[in-house]
Amino acid sequence: MNTIETFIKEKLQGGLWHTTNPERLETILKDGFIKVEPNLLDSDRWGTARGPAYYPFVRYIGGVSLFEFPPDFDVAAYEKEIPTASLGQFIPFRPSWGRAVWLKVDRAALDHRFLSGKEVRQRWNESQAYRHKFIAELEAAYLGDLSMRAISKAFLVEGGKQDWSEIDLRDAPRILA
């Protein structure tokens, strides 16, 4: 089993998640929200090099990207069905980051603004927004800023380690420094 498969099976499977760069977590905690439009340069965001006409689909519809991994998720079957998916671009972290914080989202804390991965794909097809990328079936969305009250736990994954440490968000700035 490779790192991506292990990480999904041991940590992500059956959950709904948001991933972020550890350096961005402090701002998220200060704001109390994962924002649709955080105060970041586009050059620091995924999929923005070609400008707004090509922004990632979830951003295009005013959402925060979430990732859902069904309890029976099979990496090999998924990659066979959707060969353009590049899970290694964000699992366990973006290569350019070298580490990531994964925030587990409590589905029960979400309202009607939540779109499952299947609903995101359906909306993408219906709107014919084919220039806008997303990770088919896995990328869900929360339309609008997502309150940190919906986060049930967090953990840090670092490059070269199989240690995925749960972190206490109250102590995150010190841990991530």
Exercise. Once you list every other residue whose beta carbon is under 13 Å from the beta carbon of F69, what net charge do they have if Lys and Arg are +1 and Asp and Glu are -1?
Worked result: -3
Seminar exercise, completed: With a ≥ b ≥ c from the Cα gyration tensor eigenvalues, square-rooted, and the rule rounded for a/c under 1.5, otherwise prolate when a/b > b/c and oblate otherwise, segment 107-159 is oblate
For this session: Return a single number: how many Lys pairs in segment 8-154, at a sequence separation of 8 or more or on separate chains, have alpha-carbon atoms below 16 angstrom apart.
Result: 6
Exercise. Is the shape of the chain rounded, prolate or oblate, going by the alpha carbon gyration tensor and its root eigenvalues a ≥ b ≥ c, with a/c under 1.5 for rounded and a/b larger than b/c for prolate?
Worked result: rounded
Exercise. What does the charge add up to near S116, with Lys and Arg as +1, Asp and Glu as -1, over the other residues with Cβ less than 11 Å from its Cβ?
Worked result: 0
Seminar exercise, completed: the chain accessible area per residue, 1.4 Å probe, protein heavy atoms, integer Å², reads 54 Å²
For this session: Would you pull out the residues with amide H under 5 Å of K153's amide H, same chain only if 5 or more places away, H placed 1.01 Å from N?
Result: K104
Seminar exercise, completed: Relative contact order of the chain (C-alpha contacts under 8 Å, at least 6 apart) in percent is 32 percent
Exercise. Once the Cβ-Cβ distance between Y130 and A77 is put in as r, and R0 is 30 Å, what FRET efficiency do you end up with, to the nearest 0.05?
Worked result: 0.75
For this session: Output ³J(HN,Hα) for segment 2-19: one whole-Hz value per residue in order, computed from phi by the Karplus curve 6.51 cos²θ - 1.76 cosθ + 1.60 with θ = phi - 60°, and x for Gly and Pro.
Result: 7, 4, 5, 4, 4, 4, 5, 4, 7, 10, 9, 4, x, x, 10, 9, 10, 10
Exercise. HN-Hα J couplings of segment 82-90 from phi, Karplus 6.51/-1.76/1.60, θ = phi - 60°, integer Hz, Gly and Pro as x?
Worked result: 10, x, 7, 5, 10, 4, x, 6, 9
Seminar exercise, completed: Once amide hydrogens are built 1.01 Å from N within the peptide plane, the residues lying 5 or more places from G63 or on another chain with amide H under 5 Å from its amide H are G144
Exercise. How much space per residue, in cubic angstrom, does the convex hull of the C-alpha atoms of segment 65-128 take up?
Worked result: 133 Å³
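The values are calculated or read from the model by the stated rules, or taken from the named source; none is laboratory data. Not measured: the values here are computed from a predicted model. A quick note on method: Cβ atoms are made from the backbone with ideal geometry, for glycine too, and the neighbour counts reach across all protein chains shown. The protein model used for the area step is the full one, side chains on, heavy atoms only, and it has no ligands, DNA or RNA in it. Shrake-Rupley method; radii C 1.70, N 1.55, O 1.52, S 1.80 Å.
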